[in-house]
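First up is the structure itself, then whatever we jot down about it.
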Amino acid sequence: MTAIPPRGARFAARGLSGGAECGLLVPGPDGGAPGSTRSTSARRPDRPRRTSLLVTGTSPRLDDRRPAAGRRWWRALGVALGVALALAGATLSTAPAHAGGAQGGSWALAGRLSTDRTGATATLLADATVVVAGGGTPEVASAEVFDPATGTWSPTASMGTARSLHAAVRLPDGRVLVSGGAVGSNALSSAEIYNPISRTWAPTAAMAVSRQGHTATVLAGGKVLVVGGLGGGHGPYRAEAELFDPATGTWAPTGALAQGRAHHSATLLADGRVLVVGGEADTHGDSVRDAVVYDPVAGSWSPVPRLMSVGRADHTATALPDGTVLVAGGTKVYIGGRPENVLASTELLDRSGQAFLPAPAMAQRRDRHTATALPDGRVLVSGGKGDQIATPTATAEIYDPAARRWKPATPMPGPAAGHNAVLVSGSGCSPACGKVLVVGERAAYLFTPPPAGSAGPSRVGSVVGGLGAGAVAVLAASVGVVVSRRRRRGAPAVPKTTSRRGTTQTLEHR
């Protein structure tokens with residue numbers, strides 16, 4: 001039975017498909033066909049009168065209706081955005097752990113030097129001034145002093161011998177020892193001492209062998225350990241090690257390396273031993289992968305059991321506050337000049353000193369760069385060459401050991417490679433204390449580090465950001481679906497029943 005609305009009544013029949021073969025409206029007793037009835041039950045005045053319409057035929061079933069277009073659009077867009085942004089966050093999580101975006105720190109010009117200082121040394125004195133000696137092509141004997149309190153350079157006495165690629169360290173009594181180096185292709189064995197009080201140089205005893213590209217490290221007892229180097233422009237690679245005694249001004253041999261090397265790194269460890277890493281050697285152009293540790297008590301060397309992942313020369317090695325050592329960059333093959341030989345990878349020597357572990361890579365390949373430990377434990381890496389032929393770079397990065405990641409630093413005002421970097425500290429350095437002085441060929445710059453944690457987004461932040469954005473998009477899609485449903489529910493109810501051959505659709509008499 002179906003109730004027949006009065007003549008002229010408006011109908012709201014929702015969901016009927018065009019082209020359907022419809023049945024007949026059956027009239028009731030008040031003018032319709034026999035057998036039909038009109039409902040006489042009481043009806044609430046605020047509820048619409050409902051009538052039924054029997055629809056038959058082959059049109060699609062009304063309960064198979066697809067969602068409204070607006071609802072479909074919201075859901076498709078939200079899901080697409082959510083998936084895309086979540087995948088973007090996941091992609092960033094697998095990217096190298098160097099941060100893009102905001103840069104950190106600032107550079108200021110710290111004057112110009114009197115001459116080309118490529119291959120020079122820069123040594124921090126007790127009064128926070130910095131003496132720069134030698135270097136150049138051709139090599140020079142002159143020296144000059146930078147005063148961070150005034151930001152000015154002034155000449156000082158010249159060394160007795162012109163030299164480049166030498167080593168310089170400050171002795172416990174405040175004087176500076178310069179050893180070895182080269183003039184042209186000839187390596188030197190001579191040594192000199194700078195007195196900052198009289199601002200003069202004086203010769204001291206010569207080393208037993210000539211060296212260039214070697215290292216010098218002040219030990220806890222005040223003696224100086226000199227290791228490795230080249231005996232000339234093309235060798236031999238020195239395995240000999242010597243100790244300089246400032247009290248007597250003499251050299252004495254100590255335990256030799258198992259393998260000679262040059263352009264390696266030497267790092268004083270917290271326990272007083274010295275770590276020597278990598279370098280060039282007589283290995284057909286491949287850099288050295290091993291590392292050895294010098295024991296000043298025994299006067300002997302012991303190898304680090306686990307080698308680095310790759311050989312390195314012209315790299316840096318920096319002791320971190322947690323007892324590990326960060327080894328960064330360098331070149332794995334020092335003959336050939338191919339860009340792929342220069343490394344962006346880094347490694348950490350663990351606290352036990354037994355193994356090298358992988359660490360996050362820098363953003364750029366570099367060798368002949370500098371690495372400077374900042375007062376808060378971070379490490380500033382600046383300049384270097386991106387390959388063995390290209391011009392030097394001005395880029396800089398900061399390693400944060402707490403977060404185990406690299407952050408971009410503001411580039412230097414000019415490129416530099418084979419330069420020097422010194423952390424300015426000590427009495428009388430205000431306002432330059434805590435800044436880094438970088439000395440290039442002719443120009444010098446002062447770097448002011450950014451506050452810790454201020455440069456660039458982290459890998460974790462990138463992941464959270466990507467996933468968070470994806471979650472927001474999915475939430476937006478959900479809201480859209482809810483809104484769409486509520487809009488549908490706001491319309492008059494349309495109950496329906498279905499059968500195999502047709503559908504009874506309720507019509508609303510308004």
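Below are the figures for this structure:
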read-out	value
In region 391-406, the residues that are open to solvent by less than 40 Å² (accessible area, probe 1.4 Å) and out of contact with any Lys or Arg (no Cβ under 9 Å at 6 or more places or on another chain)	A394, A396, W406
All positions within region 198-222 that are under 23 Å from G278 (Cα atoms), assigned to a strand (DSSP E or B) and not hydrophobic (A, V, I, L, M, F, W, C)	R211, Q212, T215, T217
Residue under evaluation L275, criteria (1) under 38 Å from the mean Cα position of the chain (by Cα); (2) buried (at least 21 other Cβ atoms within 10 Å of the Cβ); (3) farther than 28 Å from L307 by Cβ, criterion not met	(3)
Selected residue [of a type outside the set (F, W, Y), in a strand (DSSP E or B) and out of contact with any helix residue (DSSP H, G or I) (no Cβ under 6 Å at 6 or more places or on another chain)] from L257, L225	L225
Selection count where residues are assigned to a loop (DSSP other than H, G, I, E, B), without any contact (Cβ under 8 Å) to a residue 60 or more places away in the chain and over 10 Å from Y334 (Cα atoms), scope region 282-310	15
Residue in region 376-384 that is surrounded by fewer than 20 Cβ atoms within 10 Å (Cβ to Cβ) and not polar (S, T, N, Q) present	yes
Filtered residues of region 190-220 (kept if β-branched (V, I, T), closer than 21 Å to F146 by Cβ and in contact with a Lys or Arg (Cβ under 7 Å, 6 or more places away or on another chain))	I193
In region 299-315, residue least open to solvent (accessible area, probe 1.4 Å) [restricted to those that are among the small types (G, A, S) and under 15 Å from L349 (Cβ atoms)]	S302
Region 154-171, residues that are touching a residue at least 40 places away in the same chain (Cβ under 8 Å) and within 17 Å of S198 (Cα to Cα)	P155, T156, A157, S158, M159, G160, R170, L171
Filter result (open to solvent by 20 Å² or more (accessible area, probe 1.4 Å), modelled with pLDDT of 95 or more and over 25 Å from the mean Cα position of the chain (by Cα)) within region 281-298	D290, D295, P296, V297, A298
Residue check for G228: surrounded by 14 or more Cβ atoms within 10 Å (Cβ to Cβ), in contact (Cβ under 8 Å) with a residue 12 or more places away in the chain and at positive phi	yes
For A266: the one exception among (1) open to solvent by less than 50 Å² (accessible area, probe 1.4 Å); (2) farther than 18 Å from V218 by Cα; (3) not in a loop (DSSP other than H, G, I, E, B)	(2)
Residue list for region 190-235, restricted to those being touching a Pro at 6+ places or on another chain (Cβ under 6 Å) and more than 17 Å from V293 (Cβ to Cβ)	E192, G222
Residue selected from region 324-367 under the condition at pLDDT below 95 and on the phi > 0 side of the Ramachandran plot, by the criterion surrounded by the fewest Cβ atoms within 10 Å (Cβ to Cβ)	G336
Among (1) more than 19 Å from G111 (Cα to Cα); (2) open to solvent by 20 Å² or more (accessible area, probe 1.4 Å); (3) hydrophobic (A, V, I, L, M, F, W, C) - the single one A421 does not satisfy	(1)
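Listed here are the residues, each with its yes/no results for (1) charged (D, E, K, R); (2) assigned to a loop (DSSP other than H, G, I, E, B); (3) open to solvent by 40 Å² or more (accessible area, probe 1.4 Å).
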site: A187; (1), (2), (3): no, no, no
site: H234; (1), (2), (3): no, yes, yes
site: A239; (1), (2), (3): no, yes, no
site: F244; (1), (2), (3): no, no, no
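The values are calculated or read from the model by the stated rules, or taken from the named source; none is laboratory data. Keep in mind the model is a prediction, meaning the values are calculated, not measured. We place every Cβ from the backbone using ideal geometry, glycine too, and count neighbours over all the protein chains shown. Only protein heavy atoms, including side chains, enter the accessible area calculation; ligands, DNA and RNA are left aside. Shrake-Rupley method; radii C 1.70, N 1.55, O 1.52, S 1.80 Å.
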